[in-house]
Amino acid sequence: MPPFDQADALQAGLEEVLATGPLADSSLDEIEWAVQRHGRATRYRTEAEHFTELLAEFQDLRLLLTRRHSPTARRRLLVASAHMSGLTALTLLKVGDGRALSWWRTARKAAAAAEDRATLSWACAQEAYQSYYSGDLHGAVELAARAQHLAGGLPCVGPALAAPLQARAHARLGDGEAATRALAAAETALSHLPHQDRIGSAFGYNEAQLRFHAGNALTHLGRTAQARDELAQADRLYPAAEHMDRALVALDMAVCTALEGDPAAAADQAARTVTTLSPEHRTALIVYRARDVAATVPPGAREVHEVRALREILALPPG
């Protein structure tokens, strides 16, 4: 057997031995730290470079779950599994892979098995984004409402994630009053969120995200002056490494420009936003929002040079 294959076999055998338990608290702490590290990585690493490492870590966790552990240790492993399932679903969502749906179900099942309301609320809130981006706006509203209900007043990330998404879905459905109420709920949820959860992570929520999501909802409502104020704040707050959300903010700004009657400038801004991203950052979500810019252009302006160029860019194959 070649040396590298021997190393792989040795590692697999050691993992089997290490998984037999009982698990020390330090081992569980290490697992939870690794899960949190992967949550932070979603904000700055590309899906292609992150996914392989995520799955390898998840495989180790799955192996641990096949063994017998104390009730407390098993609960912590189930919560970690719910979070890792959610991260897997988020990665698949960002690249436009429909298999994300089954991973959301797994995340909810693991959180429910752990009897962890905060994690179950988080999973439902994140799944609401899946419904939103797949066009199921009523489903997104329902999941966002369930995430807030499950939290039951707990100051946790689920409601902070869910309320602004609910506002965005209501806005796209044309219900300005419901969107305004949801935005107020989002402000309240963020104000109650502990400082340690206001972080750049799939497991956190912060001021930059709320300003972006509020700006997006207001953009859909056509309230472009207010939307621009929110989006400008988001642009200032986001760190440079958060390529996806910064690009989405720029695309919302382009939609505002189109709604204000300058389709050429809007299309040019959207095209520059897409083309200046590296290929690995041009995810399905970026293309989705750039298409919204093109769709906002009135029919009489769709043959304008910049608009035509944007459509041609969006028609190119990935990369």
Legend entry - Top of Pro239, Pro155, Pro279 by mean-square fluctuation, Gaussian network on the chain, Cα under 10 Å: Pro279
Legend entry - Dipole-positive endmost among Ile313, Thr276, Leu221 within the chain (Cβ charges, Cα centre): Leu221
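Note the full-extension length gain between Ala241 and Ala48 as 0.36 nm times their separation in residues minus their Cα-Cα distance, in nm to one decimal. Present the calculation step by step, with values, prior to reporting the outcome.
Numbers: separation 193, 0.36 × 193 = 69.48 nm, distance 1.61 nm.
The Ala241-Ala48 span can extend by a further 67.9 nm.
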Inset, instruction - Rank Leu77, Leu143, Met253 by how far each Cα sits towards the positive end of the charge dipole of the chain (+1 on Lys, Arg Cβ; -1 on Asp, Glu Cβ) and give me just the farthest. - result: Leu143
Inset, instruction - Along Cα→Cβ, 7 Å out, is where each label goes; now give me the distance between the ones at Leu173 and His192 in nm to one decimal. - result: 2.2 nm
Legend entry - Dipole magnitude of region 40-166, debye to nearest 20 (Cβ charges: Lys/Arg +1, Asp/Glu -1, about Cα centre): 480 debye
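Where does each of Ser121, Ser278, Ser134 land when they are ranked from fewest to most other beta-carbon atoms within 10 angstrom?
Numbers: Ser121 26, Ser278 9, Ser134 16.
Lowest count first: Ser278, Ser134, Ser121.
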Inset, instruction - Could you pull out the GluC sites (Glu not before Pro) across region 49-133 that fall in loop regions by DSSP (anything but H, G, I, E, B) with no more than 16 other Cβ atoms inside 10 Å? - result: Glu115
Legend entry - Net charge dipole size for the chain [Lys, Arg +1 and Asp, Glu -1 on Cβ; Debye, nearest 20]: 560 debye
Inset, instruction - Mind telling me which of Phe212, Phe51, Phe203 comes out most flexible in a GNM of the chain, alpha-carbon contacts under 10 Å? - result: Phe51
Legend entry - Compactness relative to 2.2 N^0.38 Å, alpha carbon Rg of region 252-319: 1.01
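Assign one of three labels to region 19-68, namely rounded, prolate or oblate, based on the Cα gyration tensor with a ≥ b ≥ c the square roots of its eigenvalues; rounded applies when a/c is under 1.5, prolate when it is not and a/b is larger than b/c, and oblate otherwise.
Working: a/c = 4.45, a/b = 1.87, b/c = 2.38.
Judged from the Cα gyration tensor, region 19-68 comes out oblate (a/c at least 1.5, b/c at or above a/b).
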Inset, instruction - Rank Ala267, Ala89, Ala41 by mean-square fluctuation in a GNM of the chain with C-alpha springs under 10 angstrom and give only the top-ranked residue. - result: Ala41
Legend entry - Separation of the Thr275 and Val287 label points, Cα + 7 Å toward Cβ, nm: 1.8 nm
Legend entry - Length released on extending from His149 to Arg67, taking residue separation times 0.36 nm less the Cα-Cα span: 26.2 nm
Inset, instruction - Any chance you could tell me what percent of the C-alpha pair distances in region 76-226 go past 21 Å? - result: 39 percent
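With a 10 Å Cβ neighbour count serving as the proxy for reagent exposure, in which order, fewest first, do Glu207, Glu242 appear?
On the way: Glu207 13, Glu242 18.
Neighbour counts put them in this order, fewest first: Glu207, Glu242.
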Inset, instruction - Could you compute the FRET efficiency for Ser26 and Met1, with r as their C-beta to C-beta distance and R0 at 30 Å, rounded to 0.05? - result: 0.35
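Laboratory data are not the source of any read-out in this text; all were calculated from the coordinates shown. Because the structure is a prediction, the values reported are computed rather than measured. Because the Cβ atoms are built from the backbone with ideal geometry, glycine has one as well, and the counts that use them run over all protein chains shown.
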